[in-house]
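To start, the structure under review is shown below, and the notes come after it.
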Amino acid sequence: MTEAATLPPLASRHFPGDPDRPALGLHCMMGASGLFQPLAEHLDGLIDLRAFDYPGHGRSPDWQGDDLHGVVTRHAASLIDRPLDLIGHSFGATVALRIAVGAPHAIRSLTLVEPVLFAAASTPAQQAQTARLAPFEASGDWDGMLRRFLSDWGSPGAEIPTDGPRAARLRQQMRMVVDTNEALMQDRARILREGGLEQIEAPVMLIAGADSPPIVHEIADALAARLPDVARATIPDAGHMLPLTHAAAFADLTRMNLERA
């Protein structure tokens, strides 16, 4: 079965704004397109923002295939018909980078919140990241893995459902995270290939939360060292889900990058 055959219709959202300033938002794993609603509200029509739910996320059907990163990248690229502003969070930020490396002429600006391109980090940092989830995977304790993952990357202390459709989808998403992490550890899409990042002429903004896992700062260091036009910002008292918890600060930084383009 081909990837095209396995891709179900995907739900999407449109946050209307300036039709001459198209933008595409790419959300995190276990997230959804609604993550960009606070940003759109704070930007007040500055951009015409669209986003879609990945397979197995939000209002889209469950995912039955493989190579989620490749499928999401191709779907996102199919929505680009003129240079636009790409805004990505976590997994979505790695998709945005992949598009920008492959078609730098299609990008007007690139705003990235904590791209989890683990291959850009040092080997010890990668090993430490893998070790966080490995015991749970080995024992088949998906609920324990989910709690650990959300503690690191989501909302620490949040109640996690154990029964019903929501619990089933979370467990499915956790398996998708594990499958995708391997691809990001090995950079299977060759985002970091020689000369790739250096071709991105659009202004890039790398945003991180001060309280996020240390590996995201190491990744940002590695990316910033190769990007021709890059700005960086760290939001105090923020974690990985800063687009929701610190939406105003996120919007201010996004606006700054949009103005640089």
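The values are calculated or read from the model by the stated rules, or taken from the named source; none is laboratory data. Owing to the predicted nature of the structure, the values given are computational and were not obtained by experimental measurement. All Cβ positions, glycine included, derive from the backbone under ideal geometry; neighbour counts span all protein chains shown. What goes into the accessible areas is simple: the full protein's heavy atoms, side chains included, and nothing from ligands, DNA or RNA. Shrake-Rupley method; radii C 1.70, N 1.55, O 1.52, S 1.80 Å.
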Total charge dipole magnitude, the chain, about the Cα centre, Cβ charges on Lys, Arg, Asp, Glu only, Debye to nearest 20: 280 debye
Around Ala261: net Lys/Arg minus Asp/Glu count, Cβ-Cβ under 14 Å: -1
With all protein chains modelled, accessible area of Met30 [1.4 Å, Å²]: 40 Å²
P(r) histogram, all alpha-carbon pairs of the chain included - 5 Å bins from 0, percent: 1, 6, 14, 19, 21, 18, 13, 6, 2, 0, 0
Equivalent ellipsoid semi-axes, segment 1-104, via Cα gyration tensor eigenvalues times 5, rooted, Å: 22, 15, 12
³J(HN,Hα), Karplus 6.51/-1.76/1.60, whole Hz, each residue of segment 190-204, x for Gly, Pro: 6, 5, 8, 4, 4, x, x, 4, 5, 7, 7, 8, 5, x, 10
Separation of the His105 and Asp221 label points, Cα + 7 Å toward Cβ, nm: 3.7 nm
Column: log10 I(q)/I(0), Debye, Cα scatterers of segment 156-255, q = 0.17, 0.18, 0.21 Å⁻¹: -1.02, -1.08, -1.20
Highest-first arrangement of 129-137, 142-150, 21-29, 240-248, where packing means the average Cβ count within 10 Å: 21-29, 240-248, 142-150, 129-137
Where Rh is the Kirkwood radius over Cα pairs, Rg/Rh for segment 81-133: 1.11
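When Rg is the radius of gyration of the Cα atoms in segment 41-161 and Rh is its Kirkwood radius, what does Rg/Rh come to?
1.00
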From the C-alpha gyration tensor of segment 48-109, square roots of 5λ in Å: 21, 13, 10
